[in-house]
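See below for the structure under consideration.
The values are calculated or read from the model by the stated rules, or taken from the named source; none is laboratory data. Just so you know, these numbers come straight off a predicted model, no measurement behind them. Heads up, the Cβs are rebuilt from the backbone with ideal geometry, glycines too, and the neighbour counts pull from every protein chain shown.
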Amino acid sequence: MAHPLKSKKLLFALATIILLMLNFYTLSVAYPTMNHPLNLGGADLPRDFSVYYIAAWRMFHNPSQIFTTGPLSDGEPAIYPYLTPYKYLPSFLLLISPLVNLSYYQAFWIFDAFQFALLPLIALLLYKLMEKKNPILAFLIILAVLLLPYPMPGRGLSVSYFMSWAEGQAKIFLSFLLLASFYLGYKGRPALSGIAFALGAFDPRFAILAFPLFLFYNKNKLRNALGTMIITLVASNLMVLYPGTAQGFLNMILSSGGTTPFYTPSWIPLVMIVCLLAVNARQLVDAIKNGLSAHKERIE
């Protein structure tokens, strides 16, 4: 008779393979859009990845213009359609900087392939974080995050993942970094957890949403985790102090950065964070109560 733990692992592995195959189908539907400018609804649209790629190029060649919208006549690669604003922290450019050694489309394909390769790791991290939860609930969450089923004509089985692949969005990478931070905290490695969270905070909206989980998974060694996170966040974004970069960053925040809606690729980390908050809601409330009680005792 098979050991229950081995059976559970086998079912998890089988479910992950099936979900990856279904997600790959959505990727295959998006693939024909990846060899030319993205055209949806009869209009050419700028890819998110084109924004990342040019911003990373500017980081090396013209850093004061990282947050500038539109092409510059300074020798940078020409990409059509023209760019939308770069809306992430500069730290993200450090993470993708090796890609600027490749041509635009080569870098785009590799970035998508890299993110697809992260999906089984995301499934494994979710499995580890929910190893003590109801198995059915854990499977449903992995299904929601790994596939996010929302079929539309011409968009495969998931409009969120279709747009992520077609646009070269970074939300899968972001989800992985945040999950890695939670898992490292869960395993008692607060310094590494802080580093991973700081790197995953390149989209501050999701860092704010995920911060309660970061605190929860690092509750036993919180000071170490917070200290490392703050140091890494500051160090990885020092380039914002370069002359002209800070002004561009502030202009982006005051114009479009703070009002960007949650487009469909954003649903991937959003669903992941909400699900983890929901399954840990009771423990989160207890942790808050214990923290308040301890604080009250110190005051008294």
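In table form, for the structure just shown:
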{"quantity": "Of all residues making up region 7-17, the number that are of a type in the set (A, V, I, L, M, F, W, C) and surrounded by 13 or more Cβ atoms within 10 Å (Cβ to Cβ)", "calculated": "3"}
{"quantity": "Which listed residue is modelled with pLDDT of 85 or more and not small (Gly, Ala, Ser), from Lys133, Lys128", "calculated": "Lys128"}
{"quantity": "Those residues of region 228-254 which are touching a helix residue (DSSP H, G or I) at 6+ places or on another chain (Cβ under 7 Å) and surrounded by fewer than 14 Cβ atoms within 10 Å (Cβ to Cβ), in sequence order", "calculated": "Pro243"}
{"quantity": "Index of the failed condition, Gly188 passing every other in (1) small (Gly, Ala, Ser); (2) closer than 27 Å to Thr228 by Cβ; (3) buried (at least 22 other Cβ atoms within 10 Å of the Cβ)", "calculated": "(3)"}
{"quantity": "Residue satisfying condition, being touching a residue at least 60 places away in the same chain (Cβ under 8 Å), under 22 Å from Ala198 (Cα atoms) and out of contact with any Pro (no Cβ under 9 Å at 6 or more places or on another chain), within set Leu129, Leu178", "calculated": "Leu129"}
{"quantity": "Pairs, first farther than 24 Å from Pro90 by Cβ in region 204-222, second polar (S, T, N, Q), C-beta under 6 Å, six or more apart", "calculated": "Asn218/Ser193"}
{"quantity": "Residues located in region 50-64, provided they are surrounded by 18 or more Cβ atoms within 10 Å (Cβ to Cβ) and touching a Leu at 6+ places or on another chain (Cβ under 9 Å)", "calculated": "Ser50, Val51, Tyr52, Tyr53, Ile54, Ala55, Ala56, Arg58, Met59"}
{"quantity": "Subset tally (residues that are closer than 30 Å to Phe116 by Cβ, modelled with pLDDT of 90 or more and either more than 22 Å from the chain's Cα centre (by Cα) or not in a helix (DSSP H, G or I) (or both)) for region 211-268", "calculated": "3"}
{"quantity": "Hey, Ser158 touching a Leu at 6+ places or on another chain (Cβ under 7 Å) and without any contact (Cβ under 8 Å) to a residue 60 or more places away in the chain or not", "calculated": "no"}
{"quantity": "Within region 31-78, tally of residues that are at pLDDT 85 or above and of a type in the set (Ser, Thr, Tyr)", "calculated": "6"}
{"quantity": "Flag if Ser73 is polar (S, T, N, Q) and outside any helix (DSSP H, G or I)", "calculated": "yes"}
{"quantity": "Test for Gln115: is it in a helix (DSSP H, G or I) and free of Cβ contacts under 8 Å to residues at least 12 places away in the same chain", "calculated": "no"}
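Okay, residues lined up against (1) within 14 Å of Tyr52 (Cβ to Cβ); (2) among the acidic types (Asp, Glu); (3) surrounded by 16 or more Cβ atoms within 10 Å (Cβ to Cβ):
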| site | (1), (2), (3) |
| --- | --- |
| Val100 | yes, no, yes |
| Ser103 | no, no, no |
| Asp112 | yes, yes, yes |
| Ile122 | no, no, yes |
| Leu126 | no, no, yes |
| Leu137 | no, no, no |
| Ala144 | no, no, yes |
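For every residue, the table says whether it meets (1) aliphatic (A, V, I, L, M); (2) more than 18 Å from the chain's Cα centre (by Cα); (3) not in a helix (DSSP H, G or I).
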position: Tyr86; (1), (2), (3): no, no, yes
position: Leu89; (1), (2), (3): yes, no, yes
position: Phe92; (1), (2), (3): no, no, no
position: Ile110; (1), (2), (3): yes, no, no
position: Leu125; (1), (2), (3): yes, no, no
